[in-house]
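The values are calculated or read from the model by the stated rules, or taken from the named source; none is laboratory data. Everything numeric in this text was worked out from a predicted model, so none of it was measured. A quick note on method: Cβ atoms are made from the backbone with ideal geometry, for glycine too, and the neighbour counts reach across all protein chains shown. Remember, those area values only see protein heavy atoms, side chains included, never the ligands or the DNA or RNA. Shrake-Rupley method; radii C 1.70, N 1.55, O 1.52, S 1.80 Å.
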Amino acid sequence: MAATTPPKVLVLFEHEGVFVHSSTDDGDDQDLLISGFLRVLDKDGESVIEYKPLEDSVDPSNMLCACKDSSSVVEWTQFPTDRSHHTVDPQQSCETEWDMVNTVSFKRKPHANGEGTSHHTHEKNRWAFSFTTADLRTVTLKTEGWTHLVFCLKDDTTLSAIHFHQGGSQEFMDCLRRCVHLTESPRDKTTYLVSSHNKALSQSFENLLDDTNYGLVQKLKKDPYTATLGGFSKVTNYIFDAFRAPELEQRDRPEEEVADILGEIIPGLEISQLEEPGFEVITRVDLGSRPEVQRGDPLTLEEWLKYQDQEGRVRKVPQLKERIFKGGLCHVVRREAWKFLLGYYPWNSTSEERKGLQRRKTDEYFRMKLQWKSVSEEQERRNSRLRDYKSLIEKDVNRTDRTNKFYEGLENPGLILLHDILMTYCMYDFDLGYVQGMSDLLSPILFVMENEVDAFWCFVNFMDEMHENFEEKMQGMRTQLVQLSALLRLLDLAFWNYLEAQDSGYLYFCFRWLLIRFKRELHFQDVLRLWEVMWTGLPCQNFHLLVCCAILDSEKQKIMDRHYGFNEILKHINELSMKLDIEEILHKSEAICLQIKNCKDLPSSVSEILGLKVACVKPTLELSDYGILTPPLHTSGELLVSNGHGQLSETSSNGYKVAFIS
């Protein structure tokens with residue numbers, strides 16, 4: 001019988017001189033102060049925290065005293081002839097009266113009936129503990145003369161406090177932050193909530209373009225969210241072999257198990273389409289024929305100026321948005337028009353009002369930029385989150401769109417601006433901070449604006465829309481994948497059934513498309529065109545999901561005719577990158593939208609996804625193709641009208657009470 005391979009254990013952190021105060025009563029029971037060592041271990045990719053008492057909890061040759069600041073520890077070392085001590089500069093102590101007090105002395109309690117040794121060892125061992133970081137719920141950190149920690153597990157077990165008489169608490173917390181994500185409790189600033197971030201969204205969006213398959217899979221196993229964002233669509237047909245456990249190398253894993261594996265390694269994305277609240281099972285629906293659509297040329301500068309009055313207000317906004325949706329924008333118009341499309345400038349603002357707004361926003365931006373610019377090296381050393389953000393940003397900036405002339409070469413000013421805007425965004429939204437992939441969203445905006453302040457505020461508004469994609473719970477991604485699956489079932493039940501039979505019904509291969517809005521799937525100029533079209537809010541909400549459907553509609557025949565399985569589908573979708581025709585995609589996406597709108601028996605779940613609810617009590621309003629209302633004669637009542645972003649605004653009208661979301 002083959003011997004079992006012992007798990008690989010890597011020591012991430014180890015510190016002695018950590019104590020358990022087993023009694024708070026005053027008296028002579030000083031031996032109840034248990035000394036031990038605290039470790040953080042990596043056991044086959046799983047982080048484990050363990051505390052073990054020393055064999056002899058008192059080492060008379062190593063006594064100490066501690067101040068309120070753990071850096072002011074005075075360590076006494078006994079030598080054969082004399083005792084000397086090493087002290088830390090007392091100026092480093094925040095309260096020097098603690099420096100030379102609280103010397104810990106020990107006195108052993110006599111043991112009766114010759115039971116001392118074994119009983120004492122048994123008593124100490126009961127203070128030992130070991131648990132994985134996945135089982136940890138909170139960490140409470142307090143300083144009372146020295147720092148002590150209390151761990152609370154997810155099963156509501158609260159472990160004994162451990163006291164750092166010899167410092168080391170900060171190093172332990174830094175190590176813990178590398179294993180899990182810690183957030184300050186809103187109720188108690190000394191308590192940190194623990195969530196397993198798998199180096200999750202707070203840190204990771206690895207670029208796996210040049211990674212070997214082995215490296216990819218190891219990252220999937222060890223750091224699933226990282227690998228999923230950056231390289232999931234790059235999984236090749238070696239994926240099944242790579243996911244085999246080492247001890248099962250001689251046994252093939254059935255293909256039907258792979259989807260379950262992927263569901264397990266991507267936390268938060270365990271999707272059950274049939275059980276998802278608010279989505280009914282969609283059976284075959286007669287959608288009718290797909291209409292022909294026509295697109296136009298990009299909006300020119302002359303046309304753009306015609307939509308503004310003498311004071312600079314933009315007029316006929318619905319018609320302008322429809323014009324942009326149909327043809328996009330000439331590049332010369334983008335710098336100004338994107339500020340409106342992204343909500344930086346209000347549509348009804350005058351030129352003078354926009355100048356004032358820009359002055360205020362410039363002042364606000366540089367105040368935030370100064371916050372991180374003025375952080376000293378000493379401060380940065382004590383701020384692990386800021387260090388992590390800075391490191392990730394520097395790493396990402398150096399590989400973002402480097403083939404674009406705006407960002408190519410060394411010491412490129414575009415790269416400096418990209419770095420500074422992302423660092424300032426960390427000050428703007430420190431809870432989210434920087435997540436790998438956000439540089440992909442900023443790069444086109446900065447390219448168009450060519451201005452640090454304008455690019456920042458446009459990016460802020462874009463991130464308001466994309467925020468849930470980068471949050472640790474991944475709710476935004478989960479919701480979009482569920483919605484996309486529902487749309488695909490409606491549009492082509494046979495194709496969806498085929499994908500489901502190949503364990504691909506969850507559409508994980510669309511993950512990167514949704515996460516950064518096709519940024520890595522299209523040529524740079526095509527990304528600009530797609531984004532400005534989507535920012536109009538037309539022809540429906542969640543139009544980007546129909547873009548996904550259009551791409552899949554173009555590829556379905558090849559996938560089905562060639563009998564692609566799970567890994568072949570992943571490989572095929574990955575290889576579409578930089579081969580997609582943006583105009584063809586926009587044509588088909590718009591046609592699909594109109595086809596769905598014309599369906600008489602549209603499932604309510606699809607109506608909600610696309611925002612197509614229309615409920616009329618009186619004669620129907622005159623509508624353009626994309627939800628622009630032409631009111632009838634007025635009497636009394638109220639009208640709820642779409643503002644182009646799936647939200648309702650209220651106006652007065654006559655004889656009608658209408659709810660319409662475009």
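Worth pointing out:
- Cα-based convex hull, region 289-414, per residue volume (Å³, whole number): 198 Å³
- Distance between the 7 Å Cα→Cβ label points at Gln294 and Glu171: 7.4 nm.
- Geometric descriptor of region 411-453, per residue, is 67 Å³ (volume of the convex hull of the Cα atoms).
- Taking the Cα centre of region 307-438 as origin and assigning +1 to Lys and Arg Cβ atoms and -1 to Asp and Glu Cβ atoms, the resulting dipole is close to 420 debye.
- Placing one equal scatterer on every Cα of region 546-612 and applying the Debye formula, the log10 ratio I(q)/I(0) at q = 0.14, 0.18 Å⁻¹ is -0.54, -0.80.
- Accessible area per residue in Å² at 1.4 Å probe, computed on region 280-420: 60 Å²
- Scattering from region 398-520 was approximated by placing one identical point on each alpha carbon and applying the Debye formula without solvent; log10 I(q)/I(0) at 0.18, 0.19, 0.21 1/Å stands at -0.93, -0.99, -1.12.
- Cα gyration tensor shape for region 460-582, rounded if a/c is under 1.5, else prolate or oblate: prolate
- Charge tally in the Cβ shell below 13 Å around Met427, where Lys, Arg are +1 and Asp, Glu are -1, Met427 excluded: +1
- Separation of the alpha carbons by more than 31 angstrom is noted, of Lys339/Lys390; Lys369/Lys519; Lys142/Lys390; Lys473/Lys558, for Lys473/Lys558.
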